[in-house]
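Below is one structure; the comments refer to it alone.
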Number of protein chains: 2
Amino acid sequence: MISLLDTRARITGGTLSAVDAIRAARARIAERDPALGAVLRTAPTETPVPESGPLAGIAVGIKDIIDTADMATEFGSGIYAGWRPRADAAIVARLRALGAVPLAKTATTAFAGLDPAATVNPHDAGHTPGGSSSGSAAAVAAGIFPLALGTQTGGSVIRPAAFCGVAAIKPSFRLLPTVGVKTFSWALDTLGLFGASVPDIAHALALIADRPEIETAAPERPRLALCLQDFAGSADDDAVAALMRAARAAERAGAVVTDLTLPEPFAQAWRAHPTVQDVEARQALAWEYAVHRDALPPILRGQLDRAQALNTADYDAGRRDAHRARRLLKETFSDVDAILTLSSVGRAPQGLGSTGDARFNRLWTLMGVPCVNVPVPGDGLPLGVQVVARFGDDGRALAVARMIEGALLRA
Amino acid sequence: MISLLDTRARITGGTLSAVDAIRAARARIAERDPALGAVLRTAPTETPVPESGPLAGIAVGIKDIIDTADMATEFGSGIYAGWRPRADAAIVARLRALGAVPLAKTATTAFAGLDPAATVNPHDAGHTPGGSSSGSAAAVAAGIFPLALGTQTGGSVIRPAAFCGVAAIKPSFRLLPTVGVKTFSWALDTLGLFGASVPDIAHALALIADRPEIETAAPERPRLALCLQDFAGSADDDAVAALMRAARAAERAGAVVTDLTLPEPFAQAWRAHPTVQDVEARQALAWEYAVHRDALPPILRGQLDRAQALNTADYDAGRRDAHRARRLLKETFSDVDAILTLSSVGRAPQGLGSTGDARFNRLWTLMGVPCVNVPVPGDGLPLGVQVVARFGDDGRALAVARMIEGALLRA
């Protein structure tokens with residue numbers, strides 16, 4: 001993979017120019033993407049490459065539900081074939097202001113739903129890369145971009161990161177602006193970052209959010225709560241084993257690890273997630289459903305068909321459940337620095353007909369708390385573990401994730 | 001003015017067809033708008049007119065920061081001249097699903113900021129209609145539409161409603177979906193409705209939000225808290241007199257009115273509003289600022305220039321102030337059904353160089369609570385009073401507003 005920090009060090013050290021770094025990224029797309037299907041389209045070759053700025057020389061993959069003024073934005077759907085927004089999304093404008101080059105649009109499932117995109121897993125083309133941020137996760141894993149943007153409504157950042165073996169963060173809700181990002185559920189949709197390592201994404205997030213403390217946070221002897229999320233069902237044996245390995249590695253590095261079983265209100269919030277999501281999706285995609293229902297892919301069409309019958313009372317109850325769990329979670333975090341839990345049910349499932357299961361991600365998206373995927377080194381398809389911190393404490397989630405990443409690599 | 005409920009009664013009674021109702025609205029635009037400047041463009045004449053649906057026959061004016069698939073959407077700025085969104089905003093799709101016809105786009109200040117639109121006050125062309133929802137308020141006041149959409153980030157629904165003498169509601173935050181509405185500040189932007197009377201907007205809101213209880217709520221002997229918002233400065237004498245008239249009318253109708261002075265944390269939240277707003281506007285309009293700064297109108301350009309210097313610490317402090325005030329406000333509403341306060345500093349100011357002052361609206365927008373403008377009958381340019389209820393209790397705000405509206409008309 002291409003490290004953002006390494007790339008930046010070479011540029012500031014004078015051994016690489018920003019222009020050459022971007023040119024190399026273009027070459028990697030041409031070379032690697034044909035087997036991957038992660039990149040949909042690339043910025044015009046005349047796109048300016050800033051020589052200065054803290055992200056100068058960084059080529060960024062942009063999930064194709066995020067507006068770009070210089071590239072079509074199709075939301076993974078033929079309904080928007082060739083659609084060209086007038087403006088950049090806020091996050092894209094921010095990347096440009098930092099000197100980065102939003103270089104390409106990456107494959108997304110239609111409207112960031114569950115119908116698979118055409119991308120394959122870079123570790124085994126017979127397996128899904130996960131979704132909905134399929135192209136961004138796969139392209140970073142394949143060493144095309146040092147940084148890519150995704151979004152998560154259920155588990156669309158953490159799951160593909162785990163399946164593809166890359167570091168990723170779904171930050172605190174609204175830490176990154178979603179202006180110009182196609183809405184699925186406004187209470188849940190969260191922009192996230194993929195990179196080669198935890199320090200890479202911490203550096204990028206600190207710059208993009210203009211919050212230097214995100215990169216410098218470092219709890220001395222972090223208290224970690226190991227959580228299996230039993231309410232969500234059980235995980236594969238090797239996913240649980242990876243979680244235990246990560247916990248032991250954290251202990252070796254100085255963390256204090258205790259077990260955590262989340263009480264019933266969290267199960268209730270977890271069950272409420274799809275209702276909150278689907279009532280909002282029914283409204284957010286009302287035009288597409290009313291005018292282009294037949295052009296929607298089957299899983300999303302069925303989901304929206306069923307969503308028409310949901311009522312506002314269920315929605316309100318779901319929001320109350322979420323609110324209660326958020327308050328409880330705040331209390332939980334008064335005793336622990338981070339929760340260590342599963343990123344996914346297991347390794348990327350075989351086949352390209354599904355993007356996998358978000359059951360271990362949904363609760364945290366609904367809670368709005370920062371989540372980091374840390375790849376767990378090993379044989380076969382990748383596995384990851386998820387580090388979760390309190391709302392607004394993205395720096396602590398990243399610091400703990402960095403500690404675990406380092407400890408696992410030293411093991 | 002054209003009453004939505006009357007129009008619907010005639011349609012369901014068989015004395016008016018939906019097609020004729022929409023035809024009449026088109027005729028009113030042609031007849032009255034040349035002197036008003038409220039309507040920017042009208043839906044194609046071949047636009048279908050549903051004959052059924054609970055809002056069939058209702059012509060709706062749509063503020064031009066709200067996406068429409070069949071009409072250009074220019075956000076009040078030449079930067080978007082001729083811009084045609086692909087999809088309807090969620091609220092527009094919802095109106096169509098209810099049988100209404102989004103008939104025209106109405107004038108907005110640029111990006112819903114403070115630079116005036118070309119609309120004049122229908123009661124006196126030498127005075128501002130208020131902003132930023134200038135065209136929607138003025139067109140309802142001039143009897144063009146029975147219903148129009150606006151948005152409020154500071155006071156952009158309640159202020160123009162007060163200046164133009166129409167009923168309006170800024171509902172609870174996120175009660176109406178803002179998907180497809182140009183963002184200024186995601187923590188503040190709220191869709192609102194203008195109509196000829198409180199029962200009209202209550203009926204429309206209940207249908208659009210799919211919450212029948214909004215229309216049927218009716219506290220028996222409501223407890224009202226009369227509040228001058230001293231922290232925001234003082235109002236004109238006739239605005240205070242109108243507020244007192246409304247309070248006395250409410251008492252005659254059975255309400256119990258007590259005085260309320262909001263403690264310091266509310267003043268602090270009020271002062272934080274511009275910081276929260278402008279830090280978000282800087283991000284939401286980052287592309288426009290980076291690429292088209294010179295094409296921005298002067299007030300907005302200056303506002304964004306200054307916003308570049310704001311930092312995230314100020315923003316976080318502002319959000320904390322808002323959070324604290326929201327908790328306190330919840331307590332306040334455990335004793336009272338609604339707060340009765342000023343809608344504006346006074347009558348619409350003379351001249352078209354300013355849209356007036358949002359000082360008595362800002363706090364409530366930041367609190368996310370429902371606000372209703374009730375016109376106070378009298379001589380000269382209109383005055384209104386503002387009824388505020390607890391978050392999520394839009395029905396109660398409307399019920400109290402209806403009571404006051406009725407009592408004032410009987411006085």
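Summary of values
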quantity	calculated
Per-residue [θ]222 nm for chain B (sum of -39500 (n - 2.57) over DSSP H runs n ≥ 4, rounded to 500)	-12000 deg cm²/dmol
Options B:Ala307, B:Val385, B:Pro50, ranked by Cα towards positive dipole end of chain B, top entry (Cβ charges)	B:Pro50
Efficiency of FRET between A:Arg326 and B:Ala35 - r from beta-carbon atoms, R0 41 angstrom, step 0.05	0.20
Occluded residues from the stretch A:280-322, i.e. those whose accessible area drops by 40 Å² or more once the chain is not alone (1.4 Å probe)	A:Gln283, A:Trp287, A:Thr312
Net +/- balance of residues flanking B:Ala72 in space, Cβ distance below 9 Å, scoring K and R +1, D and E -1	+1
Using θ = phi - 60° and Karplus 6.51 cos²θ - 1.76 cosθ + 1.60, couplings along the stretch A:106-114 (whole Hz; Gly, Pro as x)	10, 4, 10, 5, 4, 6, 6, x, 9
Within the stretch A:112-144: backbone nitrogen closer than 18 Å to the A:Leu409 label point (7 Å, Cα to C-beta)	A:140-144
Accessible area per residue in Å² at 1.4 Å probe, computed on the protein assembly as shown	34 Å²
Within the stretch A:18-110, GluC sites (Glu not before Pro) in DSSP loop having at most 10 other beta-carbon neighbours inside 10 Å	A:Glu46
7 Å along Cα→Cβ, label-point gaps from B:Asn311 to other copies, nm, shortest first	5.2
Table column - 3J(HN,Hα) (Hz), the stretch B:320-336, Karplus curve with 6.51, -1.76, 1.60, x for Gly and Pro	5, 4, 5, 4, 5, 5, 4, 5, 5, 5, 4, 5, 4, 7, 6, 9, 10
Percent carbon-and-sulfur accessible area, chain B, ignoring ligands, DNA and RNA, probe 1.4 Å	52 percent
Cα centroid separation - the stretch B:133-158 against the stretch A:322-370, whole Å	43 Å
Accessible area buried at the B-A interface, both sides summed, 1.4 Å probe (Å², nearest 100)	2500 Å²
Per-residue HN-Hα couplings for the stretch B:381-388 [Karplus 6.51, -1.76, 1.60; θ = phi - 60°; Hz; x = Gly/Pro]	5, x, 10, x, 10, 10, 10, 10
Amide hydrogen neighbours beyond the local backbone of A:Val39, cut-off 5 Å, H modeled	A:Ala107
Cα Rg over Rh - chain B, Kirkwood	0.95
The stretch A:4-216, relative contact order in percent, only Cα pairs under 8 angstrom and at least six apart counted	20 percent
Using a 7 Å Cα-to-Cβ projection, A:Glu251 label spacings across copies, nm, ascending	7.2
Calculated P(r) of the stretch A:4-216 - Cα pairs past 24 Å, %	32 percent
Threshold 50 Å², the stretch B:65-103 residues less accessible with all protein chains present than alone (1.4 Å probe)	B:Trp83, B:Arg86
Under 5 Å, built H, 5+ apart or other chain: amide partners of B:Gly143	B:Ile2
Interchain or long-range residues, amide H under 5 Å from A:Lys63's placed H	A:Thr106, A:Leu149
Rounded to the nearest 20 debye, dipole of chain B from Cβ charges on Lys, Arg, Asp, Glu	360 debye
Under 27 Å from B:Lys63, Cα to Cα: lysines that are on another chain or at least 8 residues apart	A:Lys182, B:Lys105, B:Lys170, B:Lys182
Across the identical copies, how the B:Asp335 labels are spaced - nm, sorted shortest first, 7 Å along Cα→Cβ	3.8
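The values are calculated or read from the model by the stated rules, or taken from the named source; none is laboratory data. Keep in mind that this is a model prediction, so the values were computed, not measured. Positions of Cβ are generated from backbone atoms using ideal geometry, with glycine treated the same way; all protein chains shown enter the neighbour counts. With ligands, DNA and RNA removed, areas are computed over all heavy atoms of the protein, side chains included. Shrake-Rupley method; radii C 1.70, N 1.55, O 1.52, S 1.80 Å.
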